[in-house]
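A quick write-up on the structure given underneath.
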Amino acid sequence: MSHALHRPSKLDFNAPSEVVANALIGMTLTVDGVGGRIVETEAYDRDDPASHSFGGPTLRNAAMFGPPGRVYVYRSYGIHWCLNFVCREEGHGAGVLIRAIEPTDGLERMRHRRGLDDLRLLCAGPGRVAQALGVDARFNGHALDAPPFVLRDAAHGGAAVVVEAGPRIGITKAADVPWRFGEKGSRFLSKPFRAGAVLSPG
DNA sequence: CTAGTGATCCGCT
DNA sequence: GCGGATCACTAGA
């Protein structure tokens, strides 16, 4: 069978956000040494009613319109923080929401921040990811290739990642756009994917 | 497993 | 004022 999306071997934040969102699955993100493997992402773009950038630049979404490869952090429902990576060229307004991570580094710090032992729930959701990694508004606009962030590709020789896609979660506009990506079969997803959306071979 | 609900803030209309 | 890229919790199938 053929595959609906090309899965690039190298990460390029100038690429469209849905390409970056796909490529990020399986990569490792740490903040000050705390984090793990990215297992779930969502893409948002400028011409996308569900995106914070849809209405054009504002004070809140300014980082989304800044240079790619930086971080956009916003407050969700007045309670949580959510972590995004900026994509496309400067001024475009595209990003990828980091929705779930398989915890591997700094487990005890994550457990302490989350007040929770259960590994499966430490980073299973965008608010949980930010809390576990200690991400808040202070990081808005920071570059991903500078401390305390470390983003690296899967270890050489690691098993190929099988990525599946489906509708994004928690939105009401453009809810049918299949820009949610996740590692097939991961137990660390914020929610399971419905069957039948495998995109890349493993 | 799914569905409903309260918490709690700020950007925007 | 409104409502959201959420979470934790409860109740019920």
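It is to be established whether one or more residues within the stretch A:96-109 are surrounded by 15 or more Cβ atoms within 10 Å (Cβ to Cβ), more than 17 Å from residue A:56 (Cα to Cα), without any contact (Cβ under 8 Å) to a residue 12 or more places away in the chain and among the basic types (Lys, Arg). The answer is no; no qualifying residue exists. Which members of the stretch A:41-56 meet the condition of being within 15 Å of DNA strand B (Cβ to nearest atom) and open to solvent by 40 Å² or more (accessible area, probe 1.4 Å)? Once the filter is applied, which keeps residues that are within 15 Å of DNA strand B (Cβ to nearest atom) and open to solvent by 40 Å² or more (accessible area, probe 1.4 Å), the stretch A:41-56 yields A:46, A:49, A:52, A:54, A:55. Just one of the listed residues (A:29, A:59) is over 26 Å from residue A:102 (Cα atoms) and either hydrophobic (A, V, I, L, M, F, W, C) or buried (at least 16 other Cβ atoms within 10 Å of the Cβ) (or both), namely A:59.
Applying a threshold of 9 Å to beta carbon distances and a minimum spacing of six or more residues, or different chains, the list of pairs starting in the stretch A:75-88 at a residue that is free of Cβ contacts under 8 Å to residues at least 60 places away in the same chain and open to solvent by 70 Å² or more (accessible area, probe 1.4 Å) and ending at one that is among the charged types (D, E, K, R) and more than 8 Å from DNA strand B (Cβ to nearest atom) reads A:80/A:128.
Hey, among the residues in the stretch A:62-74 that are in contact with a Lys or Arg (Cβ under 7 Å, 6 or more places away or on another chain) and more than 10 Å from DNA strand B (Cβ to nearest atom), which one's least open to solvent (accessible area, probe 1.4 Å)? Per the stated criteria, the residue is A:63. Residues in the stretch A:110-141 that are open to solvent by less than 70 Å² (accessible area, probe 1.4 Å) and charged (D, E, K, R) were compared, and the one that is nearest to the chain's Cα centre (by Cα) is A:136.
The values are calculated or read from the model by the stated rules, or taken from the named source; none is laboratory data. As the structure is a computational prediction, the values presented were derived from the model and not from experiment. Every residue, glycine among them, receives a Cβ derived from its backbone with ideal geometry; neighbour counts consider all protein chains shown. The area values use the complete protein model at the heavy-atom level, side chains included, leaving out ligands, DNA and RNA. Shrake-Rupley method; radii C 1.70, N 1.55, O 1.52, S 1.80 Å.
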